[in-house]
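Please read the structure below before turning to the comments.
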Amino acid sequence: MALLSPLVEALTAAKIPVGDAAQAAVTWLKTHASWLFDLISDLLDGLIDGVTWTIETIGPIGMTLLFVALTYALQRSAKKCAVVALGMLFIINQGYWDRTIETLSLILVSCIVCMGVGVPMGILAARKRWVYGAIEPVLDLMQTLPTFVYLIPAVIFFGLGAVPGLIATVIFALPASIRLTYLGIASTPTALTEAATAFGATPMQRLLKVELPSAFPQIMVGLNQTIMLSLSMVVIATLVGAGGLGQPVLNGLNRMKPDLGFESGFVIVALATVLRVMLEVRKK
């Protein structure tokens, strides 16, 4: 082992400047692109405020009825409607509706952004396989890099509040929608696409009438995964001022109060169950 010490010292002396490069990039962006981050922050803040206002206007009972109606429309199951209704009533009963609004707004905006970016990216990657080969390492990096690492520049660029929490949530959840859309489009039976082409369908017609309907179950799984991954980030988002259901969890940890932790934890589980049951792919 002693013989290896000079090699270790030589490797350490020739340290690759990863940290310095990251610091330089963040400083440059902060100096030259602050206008862009301000614009993004304003747009996302406006979107979050709009969703929050809508949920507040509908109210807890109205949202419960709306979720039950959506569940029945999507699932055609009285049992699943009952699960959704009980989950929503449990959240209201525990007195966490205001916190739930903050978390639900973050999740809905995250889904809008993730699906709005992820579905087109997945389609492009399925059409041009080299694109998927190029972005796959980036997708792996987005999901494996510790959240706190990219939360640091997010706070530097966007300050404290809901926006950096949303940015972190989108970075963490976006790969699911891209991968599952890619998988659904790429898995479209060749016989279907060849038949559509033989009947004179254009690439856009083939996409809209053959590939997307075939990939729809996978895309819905991607939406479901995006929701679950977004929910897993609620505590992280709370650390940068996003509020929501992660706040009582954090308060319970800081004050050593298990009642706060368990109450809010079960409310998060209830919300996750409601959203999962409502949007899961119905078995034919």
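Rounded to the nearest Hz, the phi-derived 3J(HN,Hα) couplings of segment 242-251 under the Karplus curve 6.51 cos²θ - 1.76 cosθ + 1.60 (θ = phi - 60°) are 7, x, x, 5, x, 4, x, 4, 5, 5, where x marks glycine and proline.
Between Gly241 and Gly161, the built amide H atoms are under 5 Å apart, and every one of these is 5 or more places off in sequence or on another chain. Using just its DSSP H runs of length 4 or more, each adding -39500 (n - 2.57), the chain gives a mean residue ellipticity at 222 nm of -28000 deg cm²/dmol after division by all residues. Taking every protein chain into account, the 1.4 Å probe leaves Phe172 with about 40 Å² of accessible area, to the nearest ten.
Rounded to the nearest 10 square angstrom, Leu260 shows an accessible area of 40 square angstrom against a 1.4 Å probe. Of the listed residues Met228, Met204, Met88, the order by accessible area with a 1.4 Å probe, largest first, is Met204, Met228, Met88.
The residues of segment 164-234 have, on average, 43 Å² of accessible surface per residue, using a 1.4 Å probe with all protein chains present. Provide, for q = 0.12, 0.20 Å⁻¹, the log10 of I(q)/I(0) from a solvent-free Debye sum over equal Cα point scatterers in segment 187-284. So the normalised log intensities work out to -0.58, -0.95. To put it simply, the accessible area of segment 157-284 at a 1.4 Å probe is 67 percent carbon and sulfur.
For Kirkwood radius over Cα pairs in Å, the value calculated from this model appears in [x] 19.8; [y] 19.0; [z] 21.4 under label [z].
Report the FRET efficiency, 1/(1 + (r/R0)^6), for Trp28 and Tyr150, where r is their Cβ-Cβ distance and R0 is 25 Å, rounded to 0.05. Approximately 0.90, to the nearest 0.05. Taking the Cα centre of segment 143-275 as origin and assigning +1 to Lys and Arg Cβ atoms and -1 to Asp and Glu Cβ atoms, the resulting dipole is close to 80 debye. Take every Cα pair under 8 Å whose residues are at least 6 apart in sequence, average their separation, divide by the length of segment 1-135, and the relative contact order is 20 percent. Give me the net charge of Ala191's neighbourhood, meaning all other residues with Cβ under 14 Å from the Cβ of Ala191; Lys, Arg count +1, Asp, Glu -1. Computed value for this residue: -1. Note that segment 138-155 has calculated 3J(HN,Hα) couplings of 5, 5, 4, 5, 4, 9, 9, 5, x, 4, 5, 5, 7, 6, 4, x, 4, 5 Hz, one per residue in order, obtained from phi through the Karplus relation 6.51 cos²θ - 1.76 cosθ + 1.60 (θ = phi - 60°); glycine and proline are x.
The listed residues Thr202, Thr100, once ranked by accessible area (1.4 Å probe) with the largest placed first, stand as Thr202, Thr100.
Of Asn224, Asn254, Asn93, the residue with the greatest mean-square motion in the GNM of the chain, using alpha carbon springs below 10 Å, is Asn254. Any idea what the relative contact order of the chain is, in percent, if you count C-alpha pairs under 8 Å spaced at least 6 apart? Dividing the mean separation by the residue count of the chain yields 24 percent.
Using C-alpha pairs under 8 Å with a sequence gap of at least 6, the mean separation divided by the residue count of segment 122-260 gives a relative contact order of 29 percent. Three principal axis extents of segment 28-182 based on alpha-carbon atoms, in descending order, are 50, 37, 24 Å. Note on segment 43-202: dipole from Cβ charges, positive end direction compared against Val51, Gly133, Val163; the farthest Cα belongs to Gly133.
The values are calculated or read from the model by the stated rules, or taken from the named source; none is laboratory data. Note that this is a predicted model, so its numbers are computed, not measured. All Cβ positions, glycine included, derive from the backbone under ideal geometry; neighbour counts span all protein chains shown. The accessibility values were calculated without ligands, DNA or RNA, using every heavy atom of the protein model including side chains. Shrake-Rupley method; radii C 1.70, N 1.55, O 1.52, S 1.80 Å.
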